[in-house]
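Written out below as structure tokens is the structure these notes cover.
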Amino acid sequence: MKIAYDNLGIYFLAKMLDPEPEKIMRELTGRDEIGVDDIFQVLLNGYNDRQYNMKFGVTDAGVQYDAQINNGIEYLSFNGIWKSAV
């Protein structure tokens with residue numbers, strides 16, 4: 001995994017390898033619906049307080065997942081503006 005940043009944002013790059021990629025299940029679902037897919041997620045805590053977090057994820061089918069987490073409760077009503085690629 002690589003992490004970079006500039007004046008516009010933070011960037012995460014992860015290369016996920018599987019010895020049998022043809023067996024990976026992919027399900028095209030709506031935003032914030034993970035289904036049975038593999039997912040790569042990043043959890044950010046800008047306040048370093050272990051209470052308020054932002055979760056960003058993308059499935060192997062390219063579906064985005066994001067949430068605000070406050071004291072362990074996930075709020076899916078958050079829909080941040082961000083880009084992802086698979």
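The values are calculated or read from the model by the stated rules, or taken from the named source; none is laboratory data. Values in this document were obtained by computation on a predicted structure and should not be read as measured data. When we count neighbours, we look across all protein chains shown, and the Cβ atoms used for this are built from the backbone with ideal geometry, even at glycine.
Restricting attention to the range 1-39, the residues being modelled with pLDDT of 90 or more, out of contact with any strand residue (DSSP E or B) (no Cβ under 6 Å at 6 or more places or on another chain) and not aliphatic (A, V, I, L, M) number 7.
To keep it simple, each residue is scored yes or no on (1) surrounded by fewer than 12 Cβ atoms within 10 Å (Cβ to Cβ); (2) part of a loop (DSSP other than H, G, I, E, B); (3) touching a Ser or Thr at 6+ places or on another chain (Cβ under 7 Å); (4) aromatic (Phe, Trp, Tyr).
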| position | (1), (2), (3), (4) |
| --- | --- |
| ALA4 | yes, no, no, no |
| MET25 | yes, yes, no, no |
| LEU28 | yes, yes, no, no |
| LEU43 | yes, no, no, no |
| TYR47 | yes, yes, no, yes |
| ARG50 | yes, yes, no, no |
| LYS55 | no, no, no, no |
| ALA67 | no, no, no, no |
| ASN79 | yes, yes, no, no |
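Restricting the first member to the range 59-75 and to residues that are within 18 Å of ILE24 (Cα to Cα), and the second to residues that are among the β-branched types (Val, Ile, Thr) and outside any loop (DSSP other than H, G, I, E, B), the beta-carbon pairs closer than 9 Å and six or more apart or on different chains are THR59/ILE39; ASP60/ILE39; VAL63/ILE39; GLN64/VAL58. Among the conditions (1) charged (D, E, K, R); (2) assigned to a loop (DSSP other than H, G, I, E, B); (3) farther than 21 Å from LYS2 by Cβ, LYS83 misses just one, which is (3).
Being within 16 Å of the chain's Cα centre (by Cα), in a loop (DSSP other than H, G, I, E, B) and within 21 Å of MET1 (Cα to Cα) is the requirement here; does VAL36 meet it? So VAL36 fails the test.
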